[in-house]
Amino acid sequence: MVTGIVVALDTPDAESAVLLAEEVADYVAGFKIGLGLLHGPGPLLIAALVQLGKPVFADAKLHDIPSQVETAARRLGEHGARWVTAHISGGEAMLEAAVRGLSAGAGAAPAGVLGVSVLTSLDDASLARVGIDRSPGKLVARMAKVAAAAGCEGVVSSPKELAIVSDVAPGLLRVTPGIRPAQRADDQARTMTPAEAVRRGAHLLVVGRPITAAPDPGAAAAAIAAEMSAAARGD
C-alpha cells in the first residue's frame, strides 16, 4: 500500500496551493484539497496539481442521496482525483454509488473512495450532544466494516482508532488526519505524533498546519517524513 504524507493544501486560493505543493512535492506522497478550495477555485485545481506528478486527494466529504453522490464522484474522477472522501454515515448504498461514480470518471486511472468515519474534531461528549451514545472507537469499528462492504479503498479515522480499523477491516487503506508533531492544541480533539501514528499502522498521514504554517514548509515536511521513516524502521 502507498505510504507517506498527504499535505493538506488549505490555502486561500489556487495559486498559493500550487506554489505550496511545488515547495513540498519532494517530501510528500500526495496533495489534499478540501471544501474551501473545492468550493472556491473548484475541481479544476485537481487537474493543475496532478501535473506535479503526485496523486490528489479530493476531500469532498460527499454525503447525499446515492444518485447525487455518484454524479459528484464521477466529476471529481474526470478531473483526476486519485481519492475522494464520502461520509460512511451516508450508508452502504451511498458509498457504493460513490465507488461506481469515481471509477467511471477516472476510467483506467487508479482511484478509490475513502470513507470518513468520525471527525477528529469530535470526542465522546460531542457525539453525545447529537444523540450518539457510542464512543468514537465503537463507532469507527462499525463504520469501517460498512466501508469495506461497500468497496471503499480506505477509511479516514483519527490516529487513535487505527488499530481498530486494522482489526475489523485489515484490507483497507488507513488514512489519518490529526497529526501534530508538537502535540499542540487546536480544533483537533484526537491527535497523535507522526511516529506514533506510523507505529499504530497508518498508511497515509494527512498533515496540514504543521507543514503549511511553518516558516519553511519544505523543511517541515522533510522532518515529518524523516520521523515517519525512523518509526517504520523501529528506531
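Below, the figures for the structure above:
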read-out	value
Tail beyond 14 Å, pair distance distribution of region 65-137 (Cα, percent)	59
Isotropic mean projected area of the C-alpha convex hull, region 1-88 (nm²)	5.7
Using a Förster distance of 25 Å, the FRET efficiency for Ala109-Thr71 (Cβ separation, nearest 0.05)	0.85
Helical mean residue ellipticity (222 nm; -39500 (n - 2.57) per DSSP H run of 4+; nearest 500) of the chain	-13000 deg cm²/dmol
Rg to Rh quotient for region 6-145, alpha carbon positions, Kirkwood Rh	1.00
Hydrodynamic radius of region 49-89 per Kirkwood, over alpha carbon pairs, in Å	10.7
For semi-axes √(5λ) of the Cα gyration tensor in Å, calculated from these coordinates, the label among (i) 35, 21, 16; (ii) 27, 20, 19; (iii) 24, 23, 16	(iii)
Approximate spin-label separation Gln51-Leu35, in nm, with each point projected 7 Å along Cα-to-Cβ	2.9
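Rule-based calculations on the coordinates, nothing more; no lab input. Note that the structure is predicted; figures quoted are calculated from it, not measured. Please note: Cβ atoms are built from the backbone with ideal geometry, for glycine as well, and neighbour counts cover all protein chains shown.
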